[in-house]
1. Between Arg320 and Glu490, what is the FRET efficiency for a Förster distance of 56 Å, r being their Cβ-Cβ separation, to the nearest 0.05?
2. Please state, to two decimals, what the Cα-based radius of gyration of the range 270-386 comes to when divided by 2.2 N^0.38 Å (N = residues).
3. What is the mean projected area of the alpha carbon convex hull for the range 76-187, to one decimal in square nanometres?
4. Got a sec? How would Thr202, Thr175, Thr491, Thr451 order by Cβ neighbour count within 10 Å, fewest to most?
5. Hand me the GluC sites (Glu not before Pro) from the range 54-143 located in a DSSP loop with no more than 11 other Cβ atoms within 10 Å, in residue order please.
6. Among His502, His369, His210, rank each residue by its count of other Cβ atoms within 10 Å, from fewest to most, as a rough exposure measure.
7. Divide by every residue of the chain the summed helix terms, -39500 (n - 2.57) for each DSSP H run of at least 4, and state the resulting mean residue ellipticity at 222 nm, rounded to the nearest 500 deg cm²/dmol.
8. Nearest 0.05, what FRET efficiency do Phe418 and Ala529 give at R0 = 45 Å with Cβ-Cβ as r?
Amino acid sequence: MRWGVPALGAGTVAAVTALVSGCVPTPGEPEAVEAADAAAVFAGQTIDWSACYDDEQIDELVEWGSEPDWVEALECGTVTVPLDYDRPDGRTLDLAVVRAPAQGSTEERVGSLVVNPGGPGVTGLDMLDFPSFSDQIRASFDLVSFDPRGVGESGGFACGNWTAMAEARQGFEGTDPADLTGADLRPLEEAARAYADDCVDTVGEDFLAHIGTVNVVRDLDVLRDALGDERLTYVGYSYGTYIGALYAQTYPDNTRALVLDGAVETDRPNVEVAYDQAVGFQDTWELFAEDCAATDDACPFTGADDADAAMADIMAALDREAPVVEGVTIDGATLVSMIGMELYYEESWDYLADLLAAVDTGDAEATDHYLGYLYENTYGLYADEESVELKPGEEELDAEAALTAINCADRDDPTDIFAYRDAVDRASEVSPLFGADLVWEQLPCAYWPDTEEAPTGFTAPDAPPVVVVGTVGDPATPYTWAEELAGQLETATLVTYEGAGHTLYGNDKSACVDEPVDAYLLTGEAPEADLSCPAVA
């Protein structure tokens with residue numbers, strides 16, 4: 001499942017970026033050494049910073065709403081890490097890093113603030129393209145982000161056929177999951193196994209074994225050292241909270257301040273985590289349905305009670321006559337996938353209500369208009385596989401491949417397809433729209449090669465104060481996970497936002513959240529215990 005910023009969908013999302021692989025195989029099989037010793041081998045690096053963008057790229061970003069001085073100041077570089085920390089003389093990866101230098105005086109500067117957008121599989125390189133955080137944070141910190149190993153320009157890759165799995169699931173649409181037999185499930189099982197096998201063939205078992213969060217955390221400490229910071233100051237969103245929490249456990253003495261916004265679950269298999277997400281999406285969907293019914297006279301439902309049935313009718317209508325918008329066919333499943341992503345942003349709910357009203361009333365012109373905008377907002381510019389033009393030497397990257405590889409690496413998942421079928425049955429009961437896909441998307445993990453899994457049950461008792469931010473109406477990372485993580489980490493303080501949306505800090509929406517968290521990053525002093533902030537209209 002995707003825990004990233006900006007998007008998680010009930011369906012499939014692919015991202016295409018430029019490939020800059022830092023994998024360099026070195027002959028020989030050195031004796032295994034302690035990971036800490038390996039990290040020491042890669043300590044003391046100096047990042048060779050250079051401008052990230054040329055004039056044409058700067059102009060394009062400014063057209064999209066960025067600021068010229070901000071974009072011109074962005075610097076890019078790389079940090080080298082071992083693929084396997086037990087074998088530091090083996091393959092290496094060059095991690096792509098971006099920095100927005102502190103805007104304040106030398107006296108104001110605190111250090112670097114490393115930011116992770118989530119995912120897994122989401123690039124961090126473009127998250128600094130637009131100014132974010134408060135003026136005081138931008139004055140005091142060099143803002144830094146990076147592509148984790150196996151993502152984007154840090155050895156990103158494409159593998160597997162996600163469409164084949166989606167098509168296999170279509171074969172038993174309308175069937176009660178509990179009634180699915182082995183014969184019914186065989187095409188999906190074969191597609192998921194083929195997905196895993198293709199990833200092994202594409203990048204190798206050794207790469208997949210070391211792509212998980214336990215090694216991302218080790219990389220983060222190498223990056224901290226290369227930035228010249230004695231201790232890490234970090235903001236992690238969604239999946240990025242996993243990285244930050246595990247860093248606090250692994251390197252407490254190297255930790256200064258950690259903000260973990262949109263906490264993820266850290267202990268259970270992906271198939272169980274997907275069930276929790278189904279509950280979270282359903283809760284937020286029902287909040288949207290109530291808001292739609294209360295604020296839009298044309299809303300196709302009267303509240304949460306009839307929203308699922310109304311959506312089933314809307315999906316069926318699209319399936320009978322799917323509109324084609326800018327060359328893209330929008331059927332019912334595609335609409336639900338896009339709706340799942342829009343639930344991340346409370347600000348988009350009025351627009352989403354207008355879209356559903358247009359589809360429900362059969363207003364073809366308005367439907368095409370709204371669907372076109374929604375598709376662009378969800379998936380980027382109108383770009384299907386045929387319209388994406390890659391430069392010579394580039395390869396297509398797939399955020400879904402990294403997402404799957406990292407999730408499968410991190411957790412101990414069941415290997416029996418009937419365990420997934422039973423989980424789908426439970427998830428579909430709590431969320432008819434989103435539940436089944438969220439669980440079935442984890443099936444490749446049943447056939448994944450052995451990996452170095454992240455530890456479970458960690459509490460980071462020796463870390464300095466940690467701040468966890470949770471949003472009550474978060475669809476992708478349910479608020480219960482924020483409560484769990486804040487209770488799990490012995491030094492954590494929970495800050496609660498009573499509104500909806502996926503992650504919050506730093507987007508200038510709630511001063512009640514931003515101001516105490518800013519103060520924490522600047523001073524290390526945590527906000528008051530159990531701080532709760534009201535929703536902002």
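Just so it is clear, none of the values below were taken in a lab; they were calculated from the coordinates. Source: prediction; values computed, not measured. Here the Cβ is made from the backbone with ideal geometry for all residues, glycine too, and neighbour counts use every protein chain on show.
1. On the way: r = 56 Å, r/R0 = 0.99.
FRET efficiency, Arg320 to Glu490: 0.50.
2. On the way: Rg = 14.1 Å, N = 117, 2.2 N^0.38 = 13.4 Å.
Here the Cα radius of gyration is 1.05 times the empirical estimate.
3. 12.2 nm²
4. Ascending Cβ contact count within 10 Å gives the list Thr175, Thr202, Thr491, Thr451.
5. Answer in residue order: Glu107.
6. Exposure proxy ranking, most exposed first: His369, His210, His502.
7. -13000 deg cm²/dmol, from helical runs alone.
8. So, using R0 = 45 Å, E works out to roughly 0.50.
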